[in-house]
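Taking it in order: structure first as structure tokens, then the write-up.
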Amino acid sequence: MSQGLLVVGASLAGLRAAQAARREGFEGAITIIGDEQHLPYDRPPLSKAYLADDAEADHYATSEELAEAGIEILCGIRATGLDVAAKEVLAGERRIGYDALVVATGASPRVLPAHAPLEGVVTLRTLDDALELRTRIQPGADVVIIGAGFIGSEIASSAQERGATVTILEAAPVPLVRAVGDIVGAAISTLHERNGVRLVCGAQIEQISGDGHVSEVILNSGERIPADLVIVGIGASPATSWLASSGIALHPIDGGIVCDEYLESSVPGVYAAGDLVHWPNGREEGTIRLENWTSAADQGNRAGINAVLSEKRAPFVTVPYFWSDWYHQRIQFVGSADAESVSFVSGAPDEDRFVALYRSGDRLVGAATLNERRLIMKLRRLIQLGQSWDDALALVEQMTASRAEEAAG
């Protein structure tokens, strides 16, 4: 009997996989299982508007909408193993069969090693985590955030807006180097101090201390930082431990699923999408893994189609794009930070609006902007088309001149 398409992970990527398969003509059964009790929801606002402004959670689809599309969703079910020979996902004592499988279980937040567990030391990944943080971050509270990446920085912005006293501790000398490079990483990190949030780079934590509940963070410099709440934002690891004995090839460093250009794993019929996928993008050598909303949505669409509609099977190729909101400022990035040089071609690192372009040879390979929402997608298009550095400079000059005319007129 046909088992249809099974999607493990009620995430953005998982939902998009199911919806794309149905939209493109797949007529078989489609089932999504997820370990949370919630229907798929938008995660980026959890560290932004949901945390700062007590906004409501934004669910992507209602139960009725999913039922109308012929998509069954089972919440509160955690996958614990995969039997590829039997084509069954194990969920405790339960076995759920499939003909095609899309894995979209995302990533789990990393935790601090070698520190005694204390009340008030938390991470943010889920809607329930965010709800708990909203109750803990109060005006006047001392909040210490470990990690000055995008999640940590967004939480810092939200906590500051809620009236907390915020300190960010970053182990690296410059934050966000892997994401945007050291030049732009240093530039956007000035937003913290400019908005009353202390950023300590090169910070080495000696101890997180407290009597049952956290009370301070002690650095190896001897500094003691008061802490009513410590939020750990040191990245995430692919949530693939349940696949350890499945025979699916996992990346030797982070345990992500190694896929081909079609997002198919080493096991035929098993595809993957979202934060846990290593795949050859076609624009870079080797494989890459992306952790952002755009990639998760687009990969989910492609994996769902590829898994069940062989006649529409196609490689997944993208120009990476992500954004982040700090202190009501919009940071956006496209392409790759792996470049020979980086230049601020509009604005300056300490201003509230800038454009930084990444160059390799005579090609534009990446772009970072602050508060340039109209420009970034045009730059992404130039990268996609393989346009030159001069083309990018001309575009920025044209957009800057047009904005000046609008302001004058």
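The accessible surface of segment 268-359, taken with every protein chain in place and a 1.4 Å probe, is 45 percent carbon and sulfur. Normalised by the number of residues in segment 1-153, the mean separation of alpha-carbon contacts (under 8 Å, six or more apart) gives a relative contact order of 27 percent.
Applying the criteria of a DSSP loop state and at most 16 other Cβ atoms within 10 Å to the GluC sites (Glu not before Pro) of segment 208-283 yields GLU223, GLU261.
Can you tell me how segment 60-144 classifies by the Cα gyration tensor, rounded, prolate or oblate, using a/c under 1.5 as the rounded cut? All intermediate terms of the calculation are to be shown ahead of the outcome.
Working: a/c = 3.63, a/b = 1.71, b/c = 2.12.
In terms of gyration-tensor shape, oblate.
What number, rounded to the nearest 500 deg cm²/dmol, is the helix-based mean residue ellipticity at 222 nm of the chain, given -39500 (n - 2.57) per DSSP H run of at least four residues and division by all its residues? Before the final figure, lay out each step's value.
Details: 9 runs with 108 residues, N = 409.
Calculated at 222 nm, the ellipticity per residue is -8000 deg cm²/dmol.
At 1.4 Å probe size, with every protein chain present, just tell me what the per residue accessible area of the chain comes to in Å². Before the final figure, lay out each step's value.
Numbers: 18110 Å² over 409 residues.
Per residue, the chain has 44 Å² of solvent-accessible surface.
Considering only segment 44-170, what is the antiparallel percent among its DSSP beta bridges, to the nearest 5? Working shown, then result.
On the way: 7 of 12 bridges.
In segment 44-170, approximately 60 percent of DSSP beta bridges are antiparallel ones.
Along segment 319-325 the Karplus relation, 6.51 cos²θ - 1.76 cosθ + 1.60 evaluated at θ = phi - 60°, assigns HN-Hα couplings of 9, x, 9, 8, 9, 8, 10 Hz to successive residues, with x for each Gly and Pro. Using the Cβ of SER157 as centre and a radius below 11 Å, the other residues enclosed give a net charge of -1, where K and R count +1 and D and E count -1. Over the chain, Cα pairs under 8 Å with separation of 6+ residues give a relative contact order of 15 percent.
Per-residue surface analysis assigns ARG125 an accessible area of about 70 Å², computed on protein heavy atoms at 1.4 Å probe radius. Secondary structure note: in segment 107-213, about 10% of the DSSP beta bridges are antiparallel.
With a length cut of 24 Å (Cα positions projected on each helix's long axis) and a Kyte-Doolittle mean of at least -1.0, go through the chain and give me the DSSP H helices that pass.
Working: long enough: 389-408 (29 Å, -0.17).
Span-like helices, by this rule, are 389-408.
Where a Cα-Cα gap under 24 Å defines reach, which lysines qualify for LYS87, not counting those fewer than 8 residues away within the same chain? Qualifying lysines at Cα under 24 Å: LYS312.
The phi-based Karplus calculation (6.51 cos²θ - 1.76 cosθ + 1.60; θ = phi - 60°) puts the 3J(HN,Hα) values of segment 53-61 at 10, 6, 5, 7, 5, 9, 8, 6, 7 Hz, whole numbers, x for Gly and Pro. Note on LYS378: accessible area is roughly 100 Å² with a 1.4 Å probe, heavy atoms of protein only.
Note on percent of Cα pairs over 39 Å apart: of the candidates [x] 23; [y] 47; [z] 20, the value calculated from this structure sits at [x]. For segment 298-364, GluC sites (Glu not before Pro) meeting the loop criterion (DSSP other than H, G, I, E, B) and having at most 11 other Cβ atoms within 10 Å: GLU340.
Amide H to amide H, with H built 1.01 Å from N, ALA236 comes under 5 Å of ARG110, counting only residues 5 or more places away or on other chains. Applying the Karplus relation 6.51 cos²θ - 1.76 cosθ + 1.60 with θ = phi - 60° to segment 257-265 yields 3J(HN,Hα) values of 7, 8, 10, 8, 5, 8, 6, 8, 6 Hz, where x marks Gly and Pro.
Please report the antiparallel percentage of DSSP beta bridges with both residues in the chain, rounded to the nearest 5. If I count the DSSP bridges inside the chain, around 60 percent turn out antiparallel.
Keeping the other protein chains in place, figure out the carbon and sulfur percent of the accessible area of segment 40-85, with a 1.4 Å probe. Spell out each step's value before the answer.
Values: 1100 of 2340 Å².
That fraction is 47 percent.
The values are calculated or read from the model by the stated rules, or taken from the named source; none is laboratory data. Being a predicted model, the structure only gives us computed values, none of them experimental. Virtual Cβ from ideal backbone geometry, glycine too; neighbours counted across all protein chains shown. Ligands, DNA and RNA are stripped out before the accessible areas are found, and what is left, the full protein with its side chains, is counted by its heavy atoms. Shrake-Rupley method; radii C 1.70, N 1.55, O 1.52, S 1.80 Å.
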